[in-house]
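Each reported figure results from applying straightforward, stated rules to the coordinates on display, with no laboratory input. From a predicted model like this one, the values you see are computed outputs, not experimental measurements. As a convention, Cβ positions derive from the backbone with ideal geometry for all residues, glycine included, and neighbour counts pool all protein chains shown.
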Amino acid sequence: MQALVIATYNESLNAPRLVREVKELMPDLTIIVVDDNSPDGTAKAVKELALPDVHVLVRRNKRGYGTAVRDGLVDACKRGAEFIATMDADFSHEPKELPHMFDALEDHDLAIGSRYVGGVRVMNWHPKRLLLSLFANYYVRVILGLKTLDCTSGYRAYRRELLTKMNLKTIRSNGYSFLVEMLWRAARRKASMAEVPILFVERREGESKMSGGVIMESVFMPFRLRLTRRM
Ligand SMILES: Nc1nc2c(ncn2[C@@H]2O[C@H](COP(=O)(O)OP(=O)(O)OP(=O)(O)O)[C@@H](O)[C@H]2O)c(=O)[nH]1
Ligand SMILES: [Mg+2]
């Protein structure tokens, strides 16, 4: 069984459309939307689609991207999914790439939808944002010794066996750091990883959740991961 986890916060303009599009493309896919009680009614809008195998987990308040994805992954495992993908709700990750992500899991433990493999593919990003992302990726590769060109892409697919080895309960980072920590844990468990080329498109609807706190977490977290390994 294959599943998809989508974290949402105030995505009522995007999430129902995305879920419908993905279901048209892959009718048998189980979709788990993890919403933090969005004031704009995202959860209700997805539930109203009343599509088969679409589940909405509503958490009481806004607790961040990382823990939302983690809760979704745990839920997907409980439901018996073998291959589990994650994507953003805002159409930055194109549904048509999803089958390629699952295909890559046939011979890998982890598939990363990569903006930077074989050249840079991002649309409508301010150059400052692109530079920040490229720098952040270089930074974590150097400090953590990761080989992946796109360490902060949230478009991914994991094999269940890998997730069960990764001890998700103890993951503490929450923003982009969550993505880096997941990669680090996978690398330490000798996971085989595929970078699947994707085109990343900046969101059209809804507001950005990029914040100073998220950036600061990303600056310190790679050091924390290295230090805890030493201890
Ligand atoms: N459940 C939950 N989802 C979140 C939270 N923060 C962000 N998300 C969702 O996580 C996904 C990624 O967040 P984005 O805001 O798109 O992050 P980004 O792509 O780096 O930045 P922008 O697209 O510029 O806003 C989206 O589907 C968001 O709705 C949160 O606190 N809780
Ligand atoms: Mg986005």
Listed residue (194, 173, 7) projecting farthest to the positive dipole end of region 2-230, Cβ model: 173
Measure of compaction for region 93-218 (Cα Rg per 2.2 N^0.38 Å): 1.04
query: Sorted by mean Cβ packing within 10 Å, highest first, what order do the peptides 175-188, 53-66, 107-120 take?
result: 175-188, 107-120, 53-66
task: List the extent of the Cα atoms of region 16-68 along each of their three principal axes, largest first, rounded to whole Å.
output: 30, 21, 14
message: With +1 assigned to the C-beta of every Lys and Arg and -1 to the C-beta of every Asp and Glu, and no other charges, what is the dipole magnitude of the chain about the Cα centre in debye, to the nearest 20?
response: 1200 debye
- line: What helix-only [θ] at 222 nm does the chain give? Using -39500 (n - 2.57) per DSSP H run of at least 4, over all residues, to the nearest 500, the answer is -12500 deg cm²/dmol
Over region 1-145, relative contact order from alpha-carbon pairs under 8 Å, at least 6 apart, %: 27 percent
- request: Taking the chain as the reference, fit the longest principal axis to its C-alpha atoms, fit the long axis of helix 127-144 to the helix C-alpha atoms, and give the angle between the two in degrees, 0 to 90, nearest 10.
  value: 60 degrees
- prompt: Against the longest principal axis of the chain, how steep is helix 176-188, in degrees 0 to 90 to the nearest 10, with axes from Cα atoms?
  reply: 70 degrees
field: Cα-Cα pairs of the chain separated by more than 24 Å (percent)
entry: 40 percent
- prompt: Percent of alpha carbon pairs in region 1-110 separated by more than 26 Å?
  reply: 10 percent
query: For the chain, with the dipole built from +1 on Lys and Arg beta-carbon atoms and -1 on Asp and Glu ones, taken about the Cα centre, which of 113, 65, 27 lies farthest toward the positive end?
result: 65
query: Which angle between 0 and 90 degrees, to the nearest 10, do you get for helix 212-230 versus the longest principal axis of the chain when only C-alpha atoms count?
result: 60 degrees
- prompt: For the residue pair residue 223 and residue 100, what label-to-label distance in nm results when each label sits 7 Å from Cα along the Cα-to-beta-carbon direction?
  reply: 3.8 nm
